[in-house]
Amino acid sequence: MIAEQMIEYIQGSEDGKVYIWDLVSAKVKNSFSAHSRGVSSLSYHPSQASFLSSSYNGSIKYWKDDDQAR
């Protein structure tokens, strides 16, 4: 999923982590443990620095720009 400014890419992985990539440098900007099982989907907010992640265990988390799940 690509942010509106086209400078970040958010990736979910099978080990439950979420990675935020910087497309300019092609490097991981941040990564964190999001879920206890694999990340099944991500949805980026079109105008705010936030997104939702969901997992195969049925959990959903809301993330803001400070990288803290709500």
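The values are calculated or read from the model by the stated rules, or taken from the named source; none is laboratory data. Remember, predicted model here, so these are calculated numbers, not experimental data. Using ideal geometry, Cβ is built from the backbone for each residue, glycine included, and neighbour counts are taken over all protein chains shown. Heavy atoms of the whole protein, side chains included, go into the accessibility calculation; ligands, DNA and RNA do not. Shrake-Rupley method; radii C 1.70, N 1.55, O 1.52, S 1.80 Å.
Annotations
- Residue, farthest from the chain's Cα centre (by Cα), within segment 24-44, restricted to residues that are farther than 15 Å from residue 13 by Cα and open to solvent by less than 80 Å² (accessible area, probe 1.4 Å): 25
- Of the numbered criteria (1) of a type in the set (Gly, Ala, Ser); (2) open to solvent by 70 Å² or more (accessible area, probe 1.4 Å); (3) modelled with pLDDT of 90 or more, the one residue 47 fails is (3).
- Single unsatisfied condition, residue 8 versus (1) at pLDDT below 85; (2) out of contact with any strand residue (DSSP E or B) (no Cβ under 8 Å at 6 or more places or on another chain); (3) not β-branched (Val, Ile, Thr): (2)
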